[in-house]
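Q: Have a look at the structure that comes next, please.
The values are calculated or read from the model by the stated rules, or taken from the named source; none is laboratory data. All of these numbers come straight from a predicted model, not from anything done at the bench. In this analysis, Cβ positions are derived from the backbone assuming ideal geometry, glycine residues included, and neighbour counts consider all displayed protein chains.
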Amino acid sequence: MADRQLMTGNEAMAEGAIRAGCRAYFGYPITPQNEILEYMAVHLPKVGGAFLQAESEVAAINMCYGAAAAGVRTMTSSSSPGVSLKMEGISYLAGADLPCVILNVARGGPGLGNIAPAQGDYFQATKGGGHGDYRLIVLAPSTAQEAAELAGLAFDLSDQYRVPALILADGMLGQMMEPVALPAQRDPASLPPKPWALTGAKGREPNYIASFALDPTVLRDLNLRRQARYREIEAREVRWEETATEDAEVLLVAYGTMGRIAKTVVRRGRDEGVKVGLLRPITLWPFPYAPLRALAERVRAVLTVELSAGQMWEDVRLAVEGRCPTPFYGEMGGVVPTPSEILREVKRHA
Amino acid sequence: MPEAGTVTKVFARPRSLTDKHFTYCPGCDHGLLTRIIAGAIDKLGVQERTVIIAPVGCAVFAYEWFRCDGIQAAHGRAVAVATGLKRANPHLIVISYQGDGDLAAIGTAETVHAANRGEAVTVIFVNNQIYGMTGGQMAPTTLAGQRATSCPEGRDVRTMGYPLPVAEMIATLAAPAYVTRQSLHDPRHVAQATKAVEKALRYQVEGVGYSLVEVLATCPTGWKMPPAVAHQHVADVATGTFPLGDLVDRG
Amino acid sequence: MERAVVCAGFGGQGVLLAGKILARAGMEIGLEVTWLPSYGPEMRGGTANCTVVLSDEPIGSPIVESPDVVMAMNGPSLDRFGPRVVGGGAVIVNRSLIDRGVGRADVREISVPANELARELGEPRVANMIALGAVVGALGIVPLDAVKEAMVAEVGAKARPGLVAVNREALDRGYALAEPMGA
């Protein structure tokens, strides 16, 4: 308990990244994630890392492309409109098999939207907001503690599979403070080597990094190898949390901020004798299709709750495949449903 | 005939070039400039710590010509990639090789801000006044009145703007160490351009700072001119819009 | 056990800081806490509020529909949050700026002339600490000493000499106006 620090979700992700060995950060101001940029400006230089406020989100993600190619653990952060600007660069990172961590502290949209919490970027994060056949590892923290831990996991997975990782948070998680027991500091020198990195062709043949192959069969084969890695990630890296699912009759599915609000719904529902449980995806890609499908065999309904018009809902329905009704409850524009509103909805399907 | 023992090697392929064949059109200056850069890398002895950044455009394969580490960047973002590489590993010698569409149209913001920060990288800017790879469309540097596939009647400056004076623009900034415009239209200018590229690279090696070497180059295919005529066009016409010489030298 | 507090007022009245000190104090005595601010344009001089949840279990929703205690530093805050206080809860009303009551028989109203008391202490800026003292008294689950330590941690490094002492006294003054709620 004594080691806990009171931190915002934004600060927790930034510190979690530094402790995981992040040594290059490039960003651009946008609310509600400015604290990440500001935290990195203060703390990254102290550990010998490179911090730069770029001239745009576009420049920032391409600086990440360069720093990641140099073999350094690299991160950028932004919020929804800024992440849209980064999409071209993210596609290039994916196409060049470069590890990189992108934080999206999402806000209301589309367009300029507002700065309130929202989950309308799920499609963009999980289905490929940029061009081409690619996937991002997508992690969705619901507490500041988890935000700090997932920042580290994002770097580890991204390095291991050479797939960019995105942490999909939202303005509420970014701005709220909670006690955080920070993960241990890791020395970048102790991390697994990256023989593919651009470090200068000394004593070896040159390394080339590109997302480019004019010959269709060559590009197809590159894609096939990448897809094989995606299958491996789907087989090994699915993460989720279940709450009160053993005897649940109505199963809530919610992630991030909605995931934690749903926990309050479960507790209150159980207090009132409603058999409600929760599956909270922690990896949005790979999505926990199998555990959700197993639960769908034995519940009356799977109720998806999101701060969107129903984006993760599509994955939920793919998982359930008609085994039970799959109602949806959501809010948009930065409006966050309260526990009693959600509980009322749960009772309609109990 | 001289005896075998008296033969002296006066010309060789730079060690920093690979054996790959260039994909450039006959008469194009890209190949010559590539060779000049490889020679400069050899001369400074930095082949083992150099990273070449290839743009989108005719030079998209540039990373494969050099016996150095290489990376291909998104259109216009080469110098942002250079910034990331250099900041992450300041020991690297980073060369951003970019054409006019890449550097002066879609990448203008990155170009200006990297120069303004004085990023310790070397930018080689190939100004051939046309989009070569996509088939000869108007570039930001296309001359007034010059025809291109997207301005078939010639560039009308009243509606399409003027050729962008990149070197002059960058020279207004406080941070750059070296800004110059060179040409490759005859042996004397090739020799001068070679010296300029060497100086720009040396400034990076010595930590002096950011350099931009703008090079007037030919595109015989896009211009629809034989190579010799194209070089004469650079001498007689292009240098009128884009005067040659050093604009900044803070070395 | 889970309790929620809303601190609300004009931007600049220090309501976010008051909530942060309460959250830190809760953390230091081993509770789970969340501190959720209203953020954005409100931070730049409009109205501001934050919600603090204190619990002996992991906290689900940081959003609270019915807080146990509301600290209303100005009229609009009382109008907005007064009706939402849970029955049996408490409202701290800054009598210096609010000339009306919460108008509910089922909640305890604690009248605190925060600005006047702050002026008496010679430091008008500590009105928020006086109100926070009353919140701590009404809440009854976080010892005042823990709040004082949290206050030092939050403002200590930046504060000019003397301000910490005035803040301590302000917390005492407010606390004296509110006794802990019944168990």
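Q: Give the residues of segment A:223-238 that are without any contact (Cβ under 8 Å) to a residue 60 or more places away in the chain and either within 14 Å of another protein chain (Cβ to nearest Cβ) or touching a strand residue (DSSP E or B) at 6+ places or on another chain (Cβ under 8 Å) (or both), sorted by residue number.
A: Across segment A:223-238, the qualifying residue is only A:V238.
Q: Right, something else. Looking at (1) facing another protein chain (nearest Cβ under 9 Å); (2) in contact (Cβ under 8 Å) with a residue 40 or more places away in the chain, which is the one condition that is false for A:P99?
A: Result: A:P99 passes all but (1).
Q: Would it be correct to say that B:G84 is at the interface with chain A (Cβ under 10 Å from one of its Cβ atoms), of a type outside the set (K, R) and within 14 Å of A:A197 (Cα to Cα)?
A: In short, yes.
Q: It is to be established whether one or more residues within segment A:69-77 are farther than 27 Å from A:R225 by Cβ, of a type outside the set (K, R) and touching a Leu at 6+ places or on another chain (Cβ under 7 Å).
A: Yes, because at least one residue in segment A:69-77 is farther than 27 Å from A:R225 by Cβ, of a type outside the set (K, R) and touching a Leu at 6+ places or on another chain (Cβ under 7 Å).
Q: Tell me which of these B:M133 doesn't satisfy, since it passes every other one: (1) at pLDDT below 95; (2) under 28 Å from A:Y65 (Cα atoms); (3) away from chain A (no Cβ under 14 Å).
A: Every listed condition holds for B:M133 apart from (3).
Q: So which of A:A181, A:A144, A:A165, A:A140 ends up being out of contact with any Phe, Trp or Tyr (no Cβ under 8 Å at 6 or more places or on another chain) and buried (at least 18 other Cβ atoms within 10 Å of the Cβ)?
A: Only one candidate passes the filter, namely A:A144.
Q: May I ask you to verify whether A:P291 is more than 19 Å from the chain's Cα centre (by Cα) and modelled with pLDDT of 95 or more?
A: Here the answer is yes, as A:P291 does meet what is asked.
Q: Look at C:E65 and say whether it is of a type in the set (D, E, K, R), assigned to a loop (DSSP other than H, G, I, E, B) and in contact with a helix residue (DSSP H, G or I) (Cβ under 8 Å, 6 or more places away or on another chain).
A: So C:E65 passes the test.
Q: Pick from A:V302, A:V336, A:V265, A:V276: which is under 29 Å from C:E57 (Cα atoms) and surrounded by fewer than 21 Cβ atoms within 10 Å (Cβ to Cβ)?
A: Just a single option satisfies the conditions, and that option is A:V336.
Q: It is to be established whether one or more residues within segment C:129-141 are out of contact with any helix residue (DSSP H, G or I) (no Cβ under 9 Å at 6 or more places or on another chain), of a type in the set (A, V, I, L, M), within 30 Å of A:D170 (Cα to Cα) and assigned to a helix (DSSP H, G or I).
A: No - not one qualifying residue is present in segment C:129-141.
Q: Going by the structure shown, is A:I30 surrounded by 18 or more Cβ atoms within 10 Å (Cβ to Cβ) and farther than 24 Å from C:Y39 by Cα?
A: So A:I30 does not fit the description; no.
Q: Return the total of residues in segment A:47-58 being outside any strand (DSSP E or B), closer than 22 Å to A:I30 by Cβ and not aliphatic (A, V, I, L, M).
A: Residues that pass the stated criteria total 4.
Q: Can we say A:P286 is in contact (Cβ under 8 Å) with a residue 12 or more places away in the chain and in contact with a helix residue (DSSP H, G or I) (Cβ under 6 Å, 6 or more places away or on another chain)?
A: yes
Q: Among the residues of segment A:59-74, write down those that are part of a helix (DSSP H, G or I) and facing chain B (nearest Cβ under 7 Å).
A: Of everything in segment A:59-74, those that are part of a helix (DSSP H, G or I) and facing chain B (nearest Cβ under 7 Å) turn out to be A:A59, A:N62, A:M63, A:C64, A:Y65, A:G66, A:A67, A:A69.
Q: Out of the residues in segment B:43-74 meeting the condition of being more than 9 Å from every other protein chain (Cβ to nearest Cβ) and among the small types (G, A, S), tell me which one is nearest to B:G27 (Cα to Cα).
A: Top of the filtered list is B:A59.
Q: Are there any strands (runs of 3 or more DSSP E) wholly within segment A:121-228 with 3 or more residues that are farther than 30 Å from A:M332 by Cα, and if so which?
A: Fully inside segment A:121-228 and qualifying: nothing.
Q: Something else now. Hey, C:E32 hits all of (1) free of Cβ contacts under 8 Å to residues at least 24 places away in the same chain; (2) within 15 Å of A:A144 (Cβ to Cβ); (3) surrounded by fewer than 23 Cβ atoms within 10 Å (Cβ to Cβ) but one; which does it fall short on?
A: (1)
Q: Of all residues in segment B:67-86, how many are on the phi < 0 side of the Ramachandran plot and touching a residue at least 24 places away in the same chain (Cβ under 8 Å)?
A: Counting residues in segment B:67-86 that are on the phi < 0 side of the Ramachandran plot and touching a residue at least 24 places away in the same chain (Cβ under 8 Å) gives 12.
Q: Do any residues in segment A:33-48 that are touching a residue at least 40 places away in the same chain (Cβ under 8 Å) have Cβ atoms under 9 Å from those of residues that are surrounded by fewer than 20 Cβ atoms within 10 Å (Cβ to Cβ) and of a type outside the set (F, W, Y), where the two are at least six apart or on different chains, and which pairs are they?
A: Within 9 Å, the pairs are A:L37/A:P29; A:L37/A:Q53.
Q: Does A:A189 fit the bill of being hydrophobic (A, V, I, L, M, F, W, C), closer than 23 Å to A:R23 by Cα and out of contact with any strand residue (DSSP E or B) (no Cβ under 8 Å at 6 or more places or on another chain)?
A: So A:A189 fits the description; yes.
Q: Report yes if A:K202 is of a type in the set (K, R), loosely packed, with under 11 Cβ neighbours inside 10 Å and either touching a residue at least 40 places away in the same chain (Cβ under 8 Å) or touching a helix residue (DSSP H, G or I) at 6+ places or on another chain (Cβ under 8 Å) (or both), otherwise no.
A: So A:K202 fits the description; yes.
Q: Any residue at all in segment A:7-21 that's touching a Phe, Trp or Tyr at 6+ places or on another chain (Cβ under 7 Å), touching a residue at least 40 places away in the same chain (Cβ under 8 Å) and either of a type in the set (K, R) or not in a helix (DSSP H, G or I) (or both)?
A: The answer is yes, given that some residue of segment A:7-21 is touching a Phe, Trp or Tyr at 6+ places or on another chain (Cβ under 7 Å), touching a residue at least 40 places away in the same chain (Cβ under 8 Å) and either of a type in the set (K, R) or not in a helix (DSSP H, G or I) (or both).
Q: Now for a different question. Check off (1) at pLDDT 95 or above; (2) surrounded by fewer than 24 Cβ atoms within 10 Å (Cβ to Cβ); (3) at the interface with another protein chain (Cβ under 9 Å from one of its Cβ atoms) for B:T18 and give me the number that stays unchecked.
A: The failed condition is (1).
Q: Take the conditions surrounded by fewer than 23 Cβ atoms within 10 Å (Cβ to Cβ), of a type outside the set (F, W, Y), on the phi < 0 side of the Ramachandran plot and more than 8 Å from chain A (Cβ to nearest Cβ) and apply them to B:T108. Does it pass?
A: Yes; evaluated as a whole, the condition is true for this residue.
Q: Count, please, the residues in segment A:266-321 that happen to be within 14 Å of chain C (Cβ to nearest Cβ), within 28 Å of A:G113 (Cβ to Cβ), of a type in the set (A, V, I, L, M) and in a strand (DSSP E or B).
A: 2
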